[in-house]
1. Can you give the Kirkwood hydrodynamic radius of region 1-52 from its Cα pairs, in Å with one decimal?
2. With a 1.4 Å probe and all protein chains left in place, how much of the accessible area of the chain comes from carbon and sulfur atoms, in whole percent?
3. Compute the angle between helix 58-72 and the longest alpha-carbon principal axis of the chain, please, reported from 0 to 90 degrees and rounded to the nearest 10.
4. Rounded to the nearest 500, what is the chain's calculated 222 nm mean residue ellipticity when only DSSP H runs of at least 4 contribute -39500 (n - 2.57) each, over all residues?
Amino acid sequence: MNMHLTQATLLFAERDIEESAKSSLKACTLAKTIHSHKGEVEVGCLLEQLQQLDTAHSSFRNLQMNLGEVMHE
């Protein structure tokens, strides 16, 4: 999970929104699997940062939907 979060952060810094969202989605899935609240919060922070750049990418929307499911459980 941490590896995917780090990768997502680096990709965000490079403004690669699509790949950052994909890595964030992987981290979110793992956070959900291992019941890591900290991981879910970190993915949520990345999602907020991604929202400021662009929300048109399909990976961003998938991440948003997946994180929404996690936050509502």
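1. After inverting the mean inverse Cα-Cα distance, the result is 10.4 Å.
2. C and S atoms contribute 54 percent here.
3. 30
4. Value at 222 nm, helices only, nearest 500: -28000 deg cm²/dmol.
The values are calculated or read from the model by the stated rules, or taken from the named source; none is laboratory data. What you see is a predicted model, and the numbers here were worked out from it, not measured in a lab. Surface accessibility is based on the protein's heavy atoms, side chains included, excluding ligands, DNA and RNA. Shrake-Rupley method; radii C 1.70, N 1.55, O 1.52, S 1.80 Å.
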